[in-house]
């Protein structure tokens with residue numbers, strides 16, 4: 001990794017830390033309900049209109065039922081908008097109804113914060129569908145993930161308990177996260193994007209004359225639309241669904257190097273801030289620092305793997321006389337599928353960021369990465385996207401691994417395991433096992449089904465190990481709610497639309513429900529005082545144990561599948 005790549009990584013981490021620290025203080029206040037009076041007065045009519053009592057804390061089951069019902073209604077709304085968009089307003093390009101299987105897949109995708117897109121946005125979705133359906137769900141799905149993280153943090157922080165397992169009020173959490181966090185920050189980011197050249201309009205598509213002399217290509221259709229407003233929450237909420245098919249590689253979505261850097265910062269901003277917020281909520285900021293340290297170390301490891309892999313290029317080309325060395329005349333390395341405006345370092349860094357978080361926005365085609373370079377985004381997703389992860393999902397996913405880590409440590413030293421003063425017992429470990437195993441089961445079973453059926457194999461454009469990697473990547477992306485793809489797989493078919501929708505829905509809510517159950521169980525327990533025999537969970541030893549648990553338990557399920565895909569493909573380059 002050259003010096004410019006190191007400088008970019010260092011600058012990114014420094015800016016991220018400087019912005020996330022103060023935001024973490026605000027998130028802690030938001031979680032604990034410590035809001036200014038004017039905010040409380042503004043939101044009070046909303047609760048009255050909805051018949052919600054903001055002071056009433058909900059049992060975890062009620063919290064989960066409210067969350068599931070809310071998201072189910074959201075999925076129906078997005079599906080209906082797509083099917084009816086041909087007769088609805090704000091459709092200057094005259095887009096027809098989205099086919100049922102694609103509409104179903106897209107509805108589940110955006111509600112689950114996956115934002116997998118089997119369609120080209122500029123030729124499929126009207127402005128109304130993009131705004132009222134997709135952009136609204138970008139906000140609400142992000143708020144849902146953060147609400148679950150708040151509930152789990154409250155479970156750990158509860159000192160005095162009534163034994164009922166109350167974890168907060170879902171309706172209040174979603175309202176406050178959306179109104180007082182996501183909306184104002186998204187507005188500020190959208191203004192920055194608009195200033196950099198991201199378009200924001202309701203104009204009809206424009207036909208322009210190109211500079212080419214050929215009469216057959218003298219004109220080009222340029223899509224328009226309200227892009228900046230969707231782009232901001234796309235990255236801030238770790239959603240990833242682009243207004244255009246090319247996503248953040250499109251100059252209308254990502255016009256400058258500054259806009260690209262802001263996008264990368266926005267993706268990790270809330271996940272990093274939530275670590276600081278968690279430490280404040282539980283009353284020990286060192287706990288948040290430990291979680292953040294584990295995430296950062298794994299992220300740096302991923303970056304220093306993917307960038308050199310892409311800078312090294314393809315070993316099969318030099319014997320053919322192809323010069324891949326970087327020079328004043330060429331970028332060098334594997335430039336296939338990269339964002340030529342930003343180069344290999346920024347493209348590879350973006351790939352690591354977007355797959356470490358559950359974002360899925362892309363500025364380069366991951367399908368064109370080298371086998372080892374492409375394996376890094378794949379592995380980051382398969383870890384459960386806990387390396388910063390999505391807004392809320394990254395924190396609660398890492399906390400689940402922390403619970404498992406202290407359980408393993410407790411077995412080794414012969415003590416009843418506890419984390420943050422809460423005993424970790426059989427009930428919590430059963431729920432932890434479910435939360436950790438749901439996604440690997442969906443990914444591996446779905447991959448096996450796709451490989452074993454003709455309808456699944458029909459989508460493969462590159463037979464062999466790489467074709468298997470394309471399917472494995474698609475299911476890993478769907479099951480872990482990422483949304484990026486190895487685009488060589490033709491997945492906009494009834495088979496894949498249905499299969500991936502199932503993986504996305506259960507990959508999201510099949511984890512959320514046991515996490516809320518854990519939160520309720522912890523909230524019902526008294527918080528024990530720290531004693532001489534309490535295992536410290538804020539030092540280097542625990543950080544190392546946590547990283548080891550994530551790498552071994554999170555990745556071990558996928559080793560055979562990775563061996564059949566990217567590992568074999570890499571070895572084939574050196575045969």
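Throughout, read-outs are computed from the coordinates displayed, never taken from laboratory work. From a predicted model like this one, the values you see are computed outputs, not experimental measurements. We place every Cβ from the backbone using ideal geometry, glycine too, and count neighbours over all the protein chains shown.
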Running Debye on region 142-194 with equal point scatterers at the Cα sites and no solvent, what base-10 log of I(q)/I(0) appears at q = 0.14, 0.20, 0.26 Å⁻¹? -0.47, -0.73, -0.96
For the chain, state the semi-axes of the equivalent ellipsoid (square roots of 5 times the eigenvalues of the alpha-carbon gyration tensor), sorted largest first and rounded to whole angstrom. 37, 29, 23
Computed [θ] at 222 nm, helices only, for the chain once each DSSP H run of length n ≥ 4 contributes -39500 (n - 2.57): -19000 deg cm²/dmol
Given axes a ≥ b ≥ c from the Cα gyration tensor, I'd like to know whether region 1-147 is rounded (a/c under 1.5), prolate (a/b larger than b/c) or oblate. oblate
In square nanometres, what is one fourth of the surface area of the convex hull spanned by the alpha carbons of region 199-355? 13.4 nm²
Once normalised by the length of region 330-488, the mean sequence separation of its alpha carbon contacts under 8 Å that are 6 or more apart gives a contact order in percent of 24 percent
Suppose the Debye formula is applied to equal point scatterers at every Cα of region 334-413; what is log10 I(q)/I(0) at q = 0.22, 0.26 Å⁻¹? -0.92, -1.11
By what distance, in whole Å, do the Cα atoms of region 205-290 stretch along each of the three principal axes, largest value first? 69, 20, 15
Quick check of the Kirkwood formula: for region 444-490, what is the inverse mean of 1/r over all pairs of different Cα atoms, in Å? 10.4 Å
Label-zone membership for region 264-281, site residue 39, 7 angstrom Cα→C-beta point, backbone N under 15 Å: 274, 277-278, 281
Taking all pairs of distinct Cα atoms, average 1/r, flip it, and tell me the Kirkwood hydrodynamic radius of region 1-66 in Å to one decimal place. 15.7 Å
Using alpha-carbon coordinates, inclination of helix 100-111 to the longest axis of the chain, degrees: 50 degrees
Against the longest principal axis of the chain, how steep is helix 494-523, in degrees 0 to 90 to the nearest 10, with axes from Cα atoms? 20 degrees
Please determine, in degrees from 0 to 90 and to the nearest 10, the orientation of helix 3-32 with respect to the longest principal axis defined by the Cα atoms of the chain, where the helix direction is its Cα long axis. 40 degrees
In nanometres, the difference between 0.36 nm per residue of separation and the alpha-carbon distance of residue 7 and residue 53 is 11.5 nm
Given 25 °C, 0.890 mPa s and a Kirkwood radius over Cα pairs, the Stokes-Einstein diffusion coefficient of region 44-111 in µm²/s is 171 µm²/s
Honestly region 471-575 on the Cα gyration tensor test (a ≥ b ≥ c root eigenvalues; a/c under 1.5 rounded, otherwise a/b vs b/c for prolate or oblate) is just oblate
Past the 19 angstrom mark, what percentage of all C-alpha to C-alpha distances in region 504-563 do you count? 63 percent
Kindly rank 476-484, 463-471, 357-365 from highest to lowest mean number of other beta carbons found within 10 Å of each residue. 476-484, 357-365, 463-471
Taking every Cα atom in region 375-495, find the radius of gyration and the maximum pairwise distance Dmax, and write them in Å. 17.7, 54
Let me know the whole percent of all Cα-Cα pairs from region 286-326 that are separated by more than 12 Å. 68 percent
Please state the shape class of region 244-336: rounded when a/c is under 1.5, otherwise prolate if a/b exceeds b/c and oblate if not, all from the C-alpha gyration tensor. oblate
Evaluate the distance, in nm, between pseudo-label points positioned 7 Å from the Cα of residue 541 and of residue 26 along their respective Cα→Cβ axes. 3.9 nm
Once residue 502 and residue 572 are pulled to full extension, the length gained, defined as 0.36 nm per residue separation minus their Cα-Cα distance, is 21.8 nm
